[in-house]
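One structure is given below, encoded as C-alpha cells.
The values are calculated or read from the model by the stated rules, or taken from the named source; none is laboratory data. Keep in mind the model is a prediction, meaning the values are calculated, not measured. Positions of Cβ are backbone-derived with ideal geometry, glycine not excepted, and every protein chain shown enters the neighbour counts. SASA here: full protein model, heavy atoms, side chains in, ligands and nucleic acids out. Shrake-Rupley method; radii C 1.70, N 1.55, O 1.52, S 1.80 Å.
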Amino acid sequence: MQNWVLSELDSGERVISERLDHVRSVAVGYWIGAGSRDEDPAQAGVTHFIEHLLFKGTGRYSALEIAEIFDGLGGELNAATSREHTLVYARVPDHHLETAVEVMSDMVFSPAFAELETEREVVLEEIAMYEDTPQELVHDLIAEAVFGDHPLGRPVIGTAEVISSVPREAIARYHDKLYVPGNIVVAGAGNVDHERLVELVTRGLERRGEAAASQVNVRPPLVQAPPPRLRFQRKDTEQYHVCLGAPGISRSDRRRFAASLLDAILGGSASSRLFQEIREKRGMAYAVYSFVSQYTDTGQIGIYLGTREDNLAEALAIAAEQIADLAAGNLAPSELERAKENLKGRILLSMESTSTRMNRLGKSLITDSELLSLDRIVAEIDAVEAESVCGLAATLLGTEQLSAAGIGPSEERFLAALERVTPTLARAA
C-alpha cells in the first residue's frame, strides 16, 4: 500500500511526504541533486564547502539567528554531502514546521556566503582531521583506486589546495547552476499534511522569485570503470588500514537485493564471515567489515580491515578465502536465511524513525530510483536465491576485479601481504 503523496510544482521542484498520525514530529529535508561527482578538478570540494556555507546566513537570517531559531524550536538542523547529492534536513515538533521550512528554504536558495574566510578555515581543519584518521582516509584511497580520475574517485570533502583558494564568485556560480527548483526534492515524514507542506514550499519559492521552471541536473554516465589499481600512503601508524574494492552495481540494478545480502553475509553483521573468522576466532582485528555503495550508474563494493603488521598477510588471506568460498557457491541455507532476516529486520526497525522515512522518500526521488513499498522490499529480499548471492561474489569480487588501498608504515610489507590476495596487482606496483 502506498502511504506517500507526491506533487510536482510549476517550478519543477518536487514535494513528497508520508503522514504518520501517531507521532508529534516532522522530519523534513531539502535534497539537492549536487554532489562531488558534479565537480571538475578545480572545484573539488565546492559542494561540501557550500553545505557548510548554507548555515552561515542568508539575506534574512544571520548564522546566529538560524542557530537560535532551531534551538528555540527544540529541533535538529543538519546537512550532509555525498557523491551524488546534498541534503539539508531538520526534525521539529509538528507545530513548528512552517518556521523550519521558511528558514531552510532561505538557506538553500539564498545563502549570503557570509563568513567565507572563517568557514574556509573550518573546512581546512576538517580535511586535516580526516587525513589524521586513517580508518576513514583509506576509503578515499580505495575510491581513487577503483574509479581513477573519474569524479567518483575524488574525496567528497575536497582538497586543501582547492578549498584554500576557490573564489567566492566560483562558489556562487556553482550554487546558481545546481541549487535550482528543478534539481531539488523536498521530502517530509511524520505528522504532516501534504497540501500544507506544498503550500509552505511554494511560498518559499515565490518569496525568492523562483517560480520559473528549471532543469534537473543530468550527469554523463560512467561508461566503464578503469582497470584495478593500487594506492598506498605511508604513515607511522600502529595498524595497517586496508581496503579491497571493486566497481559494484547501480541502485536501479535488480541485483541490489542480492548485493545487500552478500554484504550482510561477508562482513556486515556480528555473525558475518569476516567478523567471525578474523576478529572472533583469531583476534586479528578490532574493526573488519564489508561495504557497498550504489550510485546512479555504477557502485562500489569492498572490505576494510585494520590490523597490526604481524597479522596483515594472514588476515588478508582469510578475507580472500572467504570471498572465494562464497564465489564457489558455498552458502548454506541457514546462513542465507539468517542474512535475510537480519536485513529485513533492520529495514523494518529503521522505519520507526521519521528521519529514516524522510530519507527513503527523498533519496529515491532525487536519484530517480523506484520507490518500493515495504512489503515489496521484503518480498524482493525473500526471493533472492543462494546462486544469485554467490554469482555476485564471483562477478564483482573476483581477484582480477580487485583494487587495493592501504595506509601504514611500510609499502613493502603491504605489497607482500597483498601477494596472497591479488598477486598480479601487487607485482605491478
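One table, with the values for the structure above:
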| item | result |
| --- | --- |
| Positive-end residue, the chain charge dipole about Cα centroid, Cβ charges, pick of Val384, Val46, Ala112 | Val384 |
| Sites Arg234 and Met351 - FRET efficiency at Förster radius 41 Å, r taken between beta-carbons, to 0.05 | 0.35 |
| Net charge of neighbours whose Cβ lies under 10 Å from the Cβ of Glu18, counting Lys and Arg as +1 and Asp and Glu as -1 | +3 |
| Segment Ser62-Ala394, length gained on full extension (0.36 nm per residue, minus Cα span) | 114.1 nm |
| Under Karplus coefficients 6.51, -1.76 and 1.60, residue-wise ³J(HN,Hα) of the stretch 146-152 in Hz, glycine/proline x | 6, 9, x, 7, 5, x, 5 |
| The stretch 172-266, accessible area per residue, ligands and nucleic acids excluded (1.4 Å, Å²) | 46 |
| Surface accessible to a 1.4 Å probe, per residue, for the residues of the stretch 17-126, Å² | 37 |
| Amide N proximity, the stretch 58-82 versus Ala172 label position 7 Å along Cα-to-Cβ, cut-off under 16 Å | 58-60 |
| Accessible area, probe 1.4 Å, largest first, for residues Met351, Met129 | Met129, Met351 |
| Residue (of Val156, Thr133, Phe232) at the positive-pole extreme of the stretch 128-235, dipole from beta-carbon charges | Phe232 |
| Counted charge near Leu54, where neighbours are those whose Cβ lies closer than 13 Å (Asp, Glu -1; Lys, Arg +1) | -3 |
| HN-Hα J in Hz across the stretch 108-125 - Karplus 6.51, -1.76, 1.60, θ = phi - 60°, x for Gly and Pro | 6, 9, 10, x, 8, 6, 7, 6, 4, 5, 5, 6, 4, 5, 4, 5, 4, 5 |
| Helix-only mean residue ellipticity at 222 nm for the chain, each DSSP H run of n ≥ 4 adding -39500 (n - 2.57), per residue, nearest 500 | -13500 deg cm²/dmol |
| Karplus 3J(HN,Hα) series, Hz, for the stretch 255-268 with 6.51 cos²θ - 1.76 cosθ + 1.60 (x for Gly, Pro) | 7, 5, 6, 5, 5, 5, 6, 4, 4, 5, 6, 6, x, x |
| Other-chain or far-sequence residues with amide H under 5 Å of Asn3's (modelled H) | none |
| Inter-centroid distance (Cα atoms) of the stretch 98-159 relative to the stretch 222-283, Å | 23 |
| For the stretch 32-167, size of Cβ-based charge dipole, Lys and Arg +1, Asp and Glu -1, in debye | 300 |
| Apportionment of accessible area to carbon and sulfur, the chain, percent (1.4 Å) | 49 |
| The stretch 309-383 - accessible surface per residue (Å², probe 1.4 Å) | 48 |
| Protection-proxy order for peptides 274-286, 307-319, 255-267, each taking the mean of Cβ atoms within 10 Å per residue, highest first | 255-267, 307-319, 274-286 |
| Euclidean distance between Cα centres, the stretch 41-80 to the stretch 352-413, Å | 30 |
| Taking the stretch 130-275 and dividing mean pair separation by its residue count, relative contact order in percent (alpha carbons under 8 Å, at least six apart) | 31 |
| FRET E, pair Ala429, Ala42, Förster distance 30 Å, beta-carbon r, rounded to 0.05 | 0.55 |
| Sequence-separation-based contact order of the chain, relative, with Cα cut under 8 Å and 6+ spacing, percent | 22 |
| Contour excess over end-to-end distance, with Cα ends at Gln276 and Arg338 and 0.36 nm allotted per residue | 20.9 nm |
| Paramagnetic reach from Arg196 in the stretch 9-52 [backbone N under 17 Å; point 7 Å along Cα→Cβ] | 16-29 |
| Charged-residue dipole, Cβ positions (Lys, Arg, Asp, Glu), the chain about Cα centre, Debye nearest 20 | 700 |
| Contact order normalised by residue count of the stretch 275-429, Cα under 8 Å, 6+ apart, percent | 26 |
